[in-house]
1. Specify whether the C-alpha gyration tensor of segment 145-247 places it in the rounded, prolate or oblate class, a ≥ b ≥ c being the square roots of the eigenvalues: rounded for a/c under 1.5, otherwise prolate if a/b is larger than b/c and oblate if not.
2. Let me test this: with uniform point scatterers at the alpha carbons of the chain, what is the Debye-based log₁₀ I(q)/I(0) at q = 0.15 1/Å?
3. Mean Kyte-Doolittle hydropathy of 0.0 or higher plus an axial Cα length of 20 Å or more: which whole DSSP H helices in the chain meet both?
4. For the cross-link pairs K40/K297; K24/K175; K40/K256, which exceed 27 Å when the distance is taken from alpha carbon to alpha carbon?
5. If you restrict to DSSP beta bridges whose two residues both lie in segment 184-333, what percentage is antiparallel, to the nearest 5?
6. Mean separation of Cα pairs under 8 Å and 6+ residues apart, divided by the residue count of the chain: what relative contact order is that in percent?
7. Using DSSP loop states and a limit of at most 15 other Cβ atoms within 10 Å to flag trypsin sites (Lys or Arg not before Pro), what is the longest stretch of the chain containing no flagged site?
8. For E30 and I300, FRET efficiency with R0 = 25 Å and r from the beta-carbon atoms, rounded to 0.05?
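The values are calculated or read from the model by the stated rules, or taken from the named source; none is laboratory data. Bear in mind that the values here come from a model prediction, so they are computed numbers and not experimental data. With ideal geometry, Cβ positions are generated from the backbone for all residues, glycine too; neighbour counts draw on all protein chains shown. The protein model used for the area step is the full one, side chains on, heavy atoms only, and it has no ligands, DNA or RNA in it. Shrake-Rupley method; radii C 1.70, N 1.55, O 1.52, S 1.80 Å.
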Amino acid sequence: MTEPRRLVAPDGTSDVDPADLGLKDEDLTELLRLLILVRKADLEATALQRQGELAVYPPLVGQEAAQVGSAFALEHDDYIFPSYRELGAAVVRGIDLVEYLHFYRATWHGGTYDANQHRFGHVSVPVGSQALHAVGYALGERMDGKSSCTLVYFGDGATSEGDVQEAWNFAAVFKTPVVFFVQNNQWAISVPLAKQTAAPIHEKAAAYGFPGVLVDGNDVLAVYQATREAAERARTDGTPTLIDASRYQPREEVEKWKEVDPLERYRRWLASRELGGDTLARRFEDEAMKEMARIRKGVIGSGPRPVGEMFEWVFADLPEHLRRQRDEAVGDG
Ligand SMILES: Cc1ncc(C[n+]2csc(CCOP(=O)(O)OP(=O)(O)O)c2C)c(N)n1
Ligand SMILES: [Mg+2]
């Protein structure tokens with residue numbers, strides 16, 4: 001079995017030189033800030049869901065490094081196509097989480113943030129469908145003479161979907177600059193990975209004709225490196241890459257959690273470089289808590305969108321039957 005690429009051991013030891021990754025000291029501390037912020041935001045969103053303020057929320061705890069490391073590795077012009085579990089990548093893209101969480105509060109389709117401004121598509125729930133969007137968008141950008149790439153997130157379960165396999169094949173044949181990023185958390189709701197696929201996910205790339213990389217999804221620097229390389233390949237000549245960011249530990253081993261916790265691992269490594277002492281981590285935690293209070297207030301305080309909006313953005317000229325329905329729904333107000 002292939003060992004996943006790993007740069008920092010679970011105990012935080014490593015012989016990696018961040019300069020080789022193109023990372024400066026301020027990038028390294030920014031990664032810690034993002035990991036802490038994402039951890040807090042995810043817990044806050046989970047609490048809001050439990051309290052009935054969000055209709056649904058799929059947690060990402062344990063996947064912070066996979067999301068932060070990959071999103072941080074992209075250039076601003078690269079377009080991200082998320083599934084429903086990428087709050088962490090949204091944070092990296094600077095999206096206001098109140099606007100992001102509107103999707104989960106069912107205020108509005110896909111959240112109210114500007115997808116094009118952030119180069120971060122709307123939440124996609126039909127499993128795997130966004131892989132096709134990412135390939136199509138990448139092809140369009142290429143035809144427009146742009147040199148950016150797209151990155152699409154999906155889960156291990158999504159690799160069983162025809163959409164994803166079609167996306168892989170199309171991307172390989174037509175050389176569309178895409179990074180396929182599998183957040184392999186070993187489960188598709190109640191279905192374990194072994195019931196999903198008989199072969200390791202990253203090996204499937206070979207059959208389609210592009211590189212597949214297995215990376216330790218709990219190691220933010222390894223994820224960063226693998227994604228940067230993949231994005232570079234995509235931008236250079238359109239070669240897609242399949243990244244399988246795998247959780248290393250079975251979920252049942254909860255007591256092992258601390259050992260593999262991506263945030264703790266990175267914090268330990270940073271501390272060993274005398275860059276991220278406890279004071280820095282505490283400062284980021286305090287800042288994150290303030291931001292959480294703002295998000296909570298924003299989410300709870302938001303009312304419904306105007307009913308009339310339901311009828312906008314599909315037809316330039318509203319057909320007669322929809323015009324009637326709109327007038328009926330909107331009434332006098
Ligand atoms: C096309 C489609 N089929 C079924 C579902 C119901 N569903 C929602 S999440 C999920 C599991 C997906 O697992 P995976 O791709 O591993 O992603 P994860 O949720 O683990 O991040 C399923 C089957 C759906 N949303 N879309
Ligand atoms: Mg999964």
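1. Since a/c reaches 1.5 but b/c is at least a/b, the shape of segment 145-247 is classed as oblate.
2. For the chain at q = 0.15 Å⁻¹, log10 I(q)/I(0) is -1.29.
3. Within the chain the helices that satisfy the rule are 25-50, 129-143.
4. K24/K175
5. Once the DSSP bridges in segment 184-333 are tallied, antiparallel ones form about 25 percent.
6. 23 percent
7. Longest stretch, sites excluded: 25-145.
8. Efficiency for this residue pair is about 0.25.
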